[in-house]
Amino acid sequence: MRQASLDLPCGPINPRKTLFTMETLRPHDVASPPISFDVALRYLRDFPLLELGKRAFAVKRARYGDQVTFVSNRHVNPTNLCVYSCRFCDYAAKNGDAHAYSLTEEEILQGLENPVVHEAHIVGGLWPKWGFERSLGLVRRIRAARPELFIKAFTAVEVAYFARMEKCTTREVLAAMMDAGVDLLPGGGAEVLSDRIHQELYKDKIGPQAWLDIHEKAHALGLPSNATLLFGHIETDEEIVAHLFKLRALQARTPGFQSFIPLAYQPGTTQLVAQLAAPERCLRVIAASRLILDNIPHVKAYWPTLQIETAVTALNFGADDLDGTLGKERIMQLAETGSPEKLSADFLRTMIRQAGQHPHQRDGAYRILEREVA
Ligand code: SF4
């Protein structure tokens with residue numbers, strides 16, 4: 001077994017002990033969903049927090065035991081130049097802005113040369129100079145240089161933009177992406193699947209139904225995808241539950257979601273809200289997601305937005321994956337998240353051990369590459 005003496009900034013959290021044990025759980029706690037809208041609302045509001053965590057952890061443990069996964073990955077954000085201006089976005093820039101950047105293909109490929117990187121996650125701004133042909137060309141070059149690398153690329157928002165620019169269908173864009181070597185559609189751009197929030201915060205880009213349609217088309221073509229939720233801004237509890245129910249319904253109809261990733265909104269300089277969602281709120285969202293999305297395999301504790309301490313605790317509230325090392329993540333950095341831009345694999349292993357779980361390194365398809373047992 002690997003050992004590490006790294007302490008987290010929050011200090012040790014009951015090393016090698018979980019908050020809940022199987023002895024405290026009854027069988028029907030493990031097999032509960034589907035859950036009604038009203039019960040789901042209670043999970044977000046006033047359901048006893050530790051009881052909620054216990055139930056979500058039981059579901060996670062019934063599926064994965066004490067295994068928690070992570071991936072050595074590299075986030076690739078080719079440019080932050082973007083034609084749109086979503087109200088919550090601190091990442092995007094216009095030409096001439098001090099924080100505007102655009103990478104070259106050579107810079108991107110250099111970052112992916114390291115053979116310990118098992119997954120590339122490619123998302124960026126919508127910008128004519130990073131149009132469809134160039135973006136596909138990037139995927140082809142990565143595929144040629146690293147045939148075994150798992151490539152997760154282009155959100156539904158980018159797919160819709162490419163289709164509009166190329167005057168073709170989103171199905172044609174998705175098929176061309178698969179042909180170039182894309183393995184999975186990332187979950188970004190879902191924000192909150194609510195027409196009200198679409199109008200208030202991100203009306204330039206595709207709304208809830210278009211996002212769902214593109215993911216359903218991807219699944220039908222055989223391209224799996226992820227789903228996200230951006231919470232902690234102007235959304236209501238009802239809108240979060242509706243979001244989760246829409247994802248669950250799509251998965252039941254046309255399966256293909258691999259992971260669900262709740263993203264805590266980073267206030268940055270947008271002045272949308274004063275501060276990051278409280279840890280209790282983050283844990284409620286993680287646990288409710290695990291219980292409601294009983295047909296989506298994985299729930300991530302995405303450490304860049306949850307913060308490290310809450311991400312560790314979330315591993316006892318139903319999350320079974322920490323995402324990855326990231327390499328050089330730019331989107332949350334420009335939102336002034338306060339989290340590091342990357343973490344080492346050893347640090348991620350230590351976070352998982354701090355939650356009393358066993359770290360397993362995976363690839364982008366959740367194939368286990370390295371197993372750690374007690
Ligand atoms: S959220 Fe995406 S589409 Fe909206 S402004 Fe930011 S980069 Fe552009």
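The values are calculated or read from the model by the stated rules, or taken from the named source; none is laboratory data. From a predicted model like this one, the values you see are computed outputs, not experimental measurements. For neighbour counting, all protein chains shown are included, and Cβ atoms are generated from backbone atoms with ideal geometry for every residue, glycine included.
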Look at Phe231 and say whether it is aromatic (Phe, Trp, Tyr), on the phi < 0 side of the Ramachandran plot and within 16 Å of the ligand (Cβ to nearest atom).
yes
Subset of the stretch 94-123, residues more than 22 Å from Ala163 (Cα to Cα), within 14 Å of the ligand (Cβ to nearest atom) and of a type in the set (Gly, Ala, Ser), comes to Ala100
For the stretch 147-166, how many residues are away from the ligand (no atom under 13 Å from the Cβ) and touching a strand residue (DSSP E or B) at 6+ places or on another chain (Cβ under 8 Å)?
5
Among Leu136, Leu126, which is the only one that is within 18 Å of Thr155 (Cα to Cα), surrounded by 18 or more Cβ atoms within 10 Å (Cβ to Cβ) and within 12 Å of the ligand (Cβ to nearest atom)?
Leu126
So, in the stretch 78-91, of the ones that are at pLDDT 95 or above and surrounded by 20 or more Cβ atoms within 10 Å (Cβ to Cβ), which residue ends up farthest from the ligand (Cβ to nearest atom)?
Pro78
Out of Ala190, Ala180, Ala220, Ala176, which single residue is within 16 Å of the ligand (Cβ to nearest atom) and of a type in the set (A, V, I, L, M, F, W, C)?
Ala190
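Table: residues versus (1) under 20 Å from the mean Cα position of the chain (by Cα); (2) in contact (Cβ under 8 Å) with a residue 12 or more places away in the chain; (3) within 26 Å of Arg42 (Cα to Cα); (4) surrounded by 17 or more Cβ atoms within 10 Å (Cβ to Cβ).
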site: Ala153; (1), (2), (3), (4): yes, yes, no, yes
site: Glu166; (1), (2), (3), (4): no, yes, no, no
site: Leu184; (1), (2), (3), (4): yes, yes, no, yes
site: Gly189; (1), (2), (3), (4): yes, yes, no, yes
site: Val192; (1), (2), (3), (4): yes, yes, yes, yes
site: His198; (1), (2), (3), (4): yes, no, yes, yes
site: Ile214; (1), (2), (3), (4): yes, yes, no, yes
site: His243; (1), (2), (3), (4): yes, yes, yes, yes
site: Leu247; (1), (2), (3), (4): yes, yes, yes, yes
Looking for something of a type outside the set (Val, Ile, Thr) and under 21 Å from the mean Cα position of the chain (by Cα) - is there at least one such residue anywhere in the stretch 97-105?
no
Gly268 fails exactly one of the following numbered conditions: (1) at pLDDT below 95; (2) in contact with a Ser or Thr (Cβ under 6 Å, 6 or more places away or on another chain). What is the number of that condition?
(2)
